[in-house]
Amino acid sequence: MSVESIVTPADKILITGSNGFIGTRALENLLARGFFNLRCFVRPSSKLEKLQKILAQFPAAKNVEIVAGDLLSREDCRRAAKDVAVIVHLAAGFDKSFAGAFMNSALATRNLLDAFLELGKPRRFVNVSSFAVYSNFKMERHALLDENCPLETEPQARNDAYGFGKLKQEQLVRDYGAQRGLKWVILRPGMVYGPGKSDLSGRIGINTFGFFIHLGGRNEMPMTFVDNCADAIVLAALKPGVDGEIFNVVDDERWTSKEFLAARKETKNFFSVWLPYPLMKFGCGLWENFSKKRHGQLPPVFNRRRCAAEWGGNTFSNEKLHKLLGWSPKIKTVDAMKLFLAQYK
Amino acid sequence: MKLRIAIIGCGKIADQHVQAAHRIGNCEIVAVCDREKLMAEQLAERFKISGVFGDAEEMLKQFSPDVVHITTPPLGHFPLAKLCLEHGSNVYLEKPFTVTAAEAQELVALAEQKNLRLTAGHNYQFTLEMLEMRRLVASGFLGGAAVHLESHWAYDLSDPTYVSPILGSKTHWVRQLPGQLFHNLISHSTARLAEFLDDDVMVSAQAHQSVRMKNLGGQEVQDELRVLLRDGKGTTAFLCFSTQIKPGLNSFRICGPKNSLLVENGSGSLLLNRAGSHKSYLTYFLPPLKAARQHLRNARVNIVDFLRGRLHQDSGMKELIEQFYVSIRQKNAPPIPYREIVLTARIMDEIFAQIKPEDSAT
Ligand SMILES: NC(=O)c1ccc[n+]([C@@H]2O[C@H](COP(=O)([O-])OP(=O)(O)OC[C@H]3O[C@@H](n4cnc5c(N)ncnc54)[C@H](OP(=O)(O)O)[C@@H]3O)[C@@H](O)[C@H]2O)c1
């Protein structure tokens, strides 16, 4: 598993969000590559069973540090970043309010960056972002969405607090790069799936009205299996010569929404209704207009921008991942789906 | 006169204030302020507000707003409200109004001395069903003074985004409040009792920690509270705060010597309970039918209010802010009498003194 690396196993690597869905897989990936000088940042209220289970698999991991704290505290960030060479930053705000999402994504990142530059031995900051930062509002349906596509300029109109937080987080990282010489890599994973995450992505459909409405139709899903995604993140932390690069993370094989849903239903069938995109687009337009006219009496949860981003459909590419990081998905989609679906059995 | 508004504290609740103010008209949010300037910037950017500050005093000096909404964590309420009043601004202070009743009293005295107005963020007192309840009480529906009141308030622990950070850190601001979790969550349910009680209130409170909270790693944080109250006129009241009762109860009952009212805040319903007796088996048939008719009436009223644009998820806040602004323009009494604000704070002080866990007494 050895790759050319900007750090040696003696250098300290910090993983934030290390107890999360992707974070635990990233931790395992680093351990498997022989990196044991790790610091896992967790929140004090987190239940650490998953993380402990992974550490238990690696006898040499007994010196892995677990630091409990909150990235909203500058003091905790200092403890986390001290002497660290690389940060793999996965913690993020999933709060439904804009302020809440901004706090745990952008503000937390600002605190971490300051501490990293002050007390770390900074070589690279790996910022895990998301497809939520893109806007395909002005793109043709099914056009290629790659790293050069426009970013969302109106997250408020899209009613996407999470996307707003991630956009601001990315902006901060780029600003710290330009103004304070921070070396960074940004990864934007698509639809990450795997054991430990049982909800279907909103790109496939929604449950808002008490039954499942399938909205993805024949759209290609920007899917990436959690271990493959974690592998890309770890490579981005190690690989020389990729500072300042942005990578979309999707697997090689990508199913349509319909195929993904059918596979999910094979484990346990449930009722769903398919709504064709033109109808959904019409409905979202009506909802948005009503919401505006009535000053938010109905919150703008359905709107044109969201509709395009989630259900308009795009095609995707991972060419840059392959080329610059030398990444290729270790787990093939058939096997990945088996692992994913096993959690429902 | 177009009121110039400022907001101090740009966290989650600030969005609601901005949106409510936008719906009111004849007012403009001119500045926002947060000690963490990035927070002020994100709010200002989303709502296109020009003034962005990290320091409240600087903002007050530069903008002299007519009204300041203070939406910071409670420990900042008293000093910030005092600062705003001293700079000549009227103040809308989020709940809990202050940390102690003494602070509440001091603010009220200062506002009166400066001929400025203050209000507390008891917005649930101003939802459509609460307004209708108040109208009925004022019209004599109860048949005399209230005999008994009941206020239930529920909080759901299943969404960890609120409670996890609180449990995760002993230094979290909620843990610094004398009443901890309750302190941040019982203002609304206490305020509606204070409205109908006189100042001579006796309080008897009990609290404990639920098993669920214990399993979440709750340490000393209690989450179940029951309080009995009685005022000088003999009106009694019961307050129940619970994280465990499911489905969560959010209601207010006011019983008179003749008739009673029940406000179900969760469904925006008002149920009128009129005295009356029925012969023989009719007592089993007619009252349920009458109750069914009332539920149907509530559904109809809510649908009509929704279609007319009156029923809004934030109706209470908009109504309270609107009434507050009117009182400022017309130099009338503010929408929530100061007596009620101070009594709410006094009852809360007394509850927290009685339930203080052993280990935090030191
Ligand atoms: N899952 C996806 O489909 C997907 C797709 C694209 C991008 N991403 C990105 O990938 C990253 C990881 O996502 P995930 O799915 O693994 O999410 P997750 O399981 O929820 O993990 C996020 C972690 O961040 C931690 N965290 C949040 N706020 C924090 C704070 N203030 N201080 C310290 N830790 C904090 C959480 O701690 P607690 O455990 O204490 O809550 C949690 O462990 C995120 O940046 C996300 O935006 C995910």
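Here is the interface size for B with A: some 1900 Å² of accessible area buried, both sides summed, with a 1.4 Å probe. Counting only protein heavy atoms and a probe of 1.4 Å, the accessible surface of chain B is 53% carbon and sulfur. Relative to the current alpha-carbon distance between residue B:204 and residue B:326, full extension at 0.36 nm per residue lengthens the span by 40.1 nm. About its Cα centre, chain A has a charge dipole of approximately 580 debye under the convention of +1 per Lys or Arg Cβ and -1 per Asp or Glu Cβ, with nothing else charged.
Label separation (residue B:284 vs residue A:146): 7.8 nm, computed from points 7 Å beyond Cα along the C-beta direction.
The chymotrypsin sites (Phe, Trp or Tyr not before Pro) found in region B:277-362 that occupy coil by DSSP, while having at most 14 further C-beta atoms within 10 Å, are B:281. One decimal place: the segment residue A:281-residue A:63 gains 73.2 nm when fully extended, by the rule 0.36 nm per residue minus the C-alpha distance. Taking a ≥ b ≥ c as the square roots of the eigenvalues of the alpha-carbon gyration tensor, region B:3-116 is classed prolate because a/c is 1.5 or more and a/b outweighs b/c.
The orientation-averaged projected area of the convex hull spanned by the Cα atoms of chain B comes to 20.0 nm².
Exposed loop sites were defined as trypsin sites (Lys or Arg not before Pro) in DSSP loop states (anything but H, G, I, E or B) carrying at most 16 other C-beta atoms within 10 Å; in chain B the longest segment without such a site runs B:49-169. Say we join alpha carbon atoms closer than 10 Å with springs in a Gaussian network model of chain B; which of B:105, B:180, B:62 then has the biggest fluctuation? Judging by the Gaussian network model, the answer is B:62. Sparsely packed loop sites in region A:54-108 (the trypsin sites (Lys or Arg not before Pro) outside DSSP H, G, I, E and B with at most 15 other Cβ atoms within 10 Å) comprise A:96. Excluding ligands, DNA and RNA, the accessible surface per residue across the protein assembly as shown is 44 Å² with a 1.4 Å probe. When the Gaussian network model of chain A links Cα atoms closer than 10 Å, the mean-square fluctuations of A:29, A:207, A:219 top out at A:207. Computed from Cα atoms, the angle from the helix B:282-307 axis to the main principal axis of chain B rounds to 30 degrees.
Taking the 1.4 Å solvent-accessible surface of chain A as the whole, the part contributed by carbon and sulfur is 55%. Hey, for a label at residue A:139 modelled as a point 7 Å past Cα toward Cβ, could you say which residues of region A:152-178 have their backbone N under 11 Å away? A:152, by backbone N distance to the label point. The trypsin sites (Lys or Arg not before Pro) of region A:151-252 that meet both conditions, a loop assignment by DSSP and at most 12 other Cβ atoms within 10 Å of the site Cβ, are A:218. The dipole here belongs to chain B: it is taken about the Cα centre, uses +1 on the Cβ of Lys and Arg and -1 on the Cβ of Asp and Glu, and is about 1440 debye.
Peptide packing for A:16-24, B:136-144 was compared via the average number of neighbouring C-beta atoms within 10 Å per residue; ordered from the highest value, the list is A:16-24, B:136-144. Hey, quick one: spin label on residue B:1, modelled 7 Å out along Cα-Cβ, who in region B:302-339 has an amide N within reach, i.e. under 13 Å? Answer for this model: B:325-332.
Only protein chains counted, 1.4 angstrom probe. Which residues of region B:167-200 are at least 10 Å² less accessible in the assembly than when their chain is isolated? Residues meeting the cut-off: B:168. Among the lysines of region B:3-116, pairs that are 8 or more positions apart or on different chains and have alpha carbons within less than 21 Å of each other number 9.
Considering only GluC sites (Glu not before Pro) in DSSP loops that have at most 15 other Cβ atoms within 10 Å, the longest stretch of chain A without any of them is A:5-139. Between the Cα long axis of helix B:315-330 and the first principal axis of chain B there is an angle of about 60°, rounded to the nearest 10. Which aspartates and glutamates, on any chain, are close to residue A:197 with Cα under 15 Å apart, when same-chain ones fewer than 8 places away are left out? Here the aspartates and glutamates satisfying the reach criterion relative to residue A:197 are A:227.
Long hydrophobic helices in chain A: the complete DSSP H runs spanning 15 Å or more by Cα along their own axis with mean Kyte-Doolittle hydropathy of at least -0.5 are A:21-32, A:108-119, A:226-238, A:277-293. FRET efficiency for the residue A:255 to residue B:161 pair, using the beta carbon distance and R₀ = 35 Å, is estimated at 0.65. With a ≥ b ≥ c the root eigenvalues of the C-alpha gyration tensor of region B:127-216, is it rounded (a/c under 1.5), prolate (a/b larger than b/c) or oblate? The shape class here is prolate. Just need log10 I(q)/I(0) for the protein assembly as shown at q = 0.05, 0.06, 0.08, 0.12 Å⁻¹, Debye formula, equal scatterers on the alpha-carbon atoms, no solvent, rounded to two decimals. The Cα Debye sum returns log10 ratios of -0.28, -0.41, -0.73, -1.43.
Among the residues of region B:32-50, those with an accessible-area drop of 30 Å² or more from chain alone to full protein complex, heavy atoms and 1.4 Å probe, are B:36, B:38, B:39, B:42, B:45, B:46.
How many angstrom separate the Cα center of region A:98-171 from the Cα center of region A:246-318? Comparing the Cα centres of region A:98-171 and region A:246-318, I get a distance of 20 Å. Between residue A:269 and residue A:245, the simple label model (points 7 Å from Cα in the Cβ direction) yields a spacing of 4.7 nm.
Using a 4.7 Å Cβ-Cβ cutoff, the cysteines of the protein assembly as shown lacking any partner cysteine are A:40, A:77, A:149, A:229, B:10, B:27, B:33, B:84, B:240, B:255. Taking the C-alpha atoms only, the angle from helix B:12-24 to the longest principal axis of chain B is near 80 degrees.
Other protein chain C-beta atoms within 10 Å of residue C-beta, averaged over B:152-163: 1.
The values are calculated or read from the model by the stated rules, or taken from the named source; none is laboratory data. Worth saying up front: this structure is predicted, and the values here are computed from it rather than measured. Using ideal geometry, Cβ is built from the backbone for each residue, glycine included, and neighbour counts are taken over all protein chains shown. Quick note on the areas: whole protein, heavy atoms, side chains included, nothing else; ligands and nucleic acids left out. Shrake-Rupley method; radii C 1.70, N 1.55, O 1.52, S 1.80 Å.
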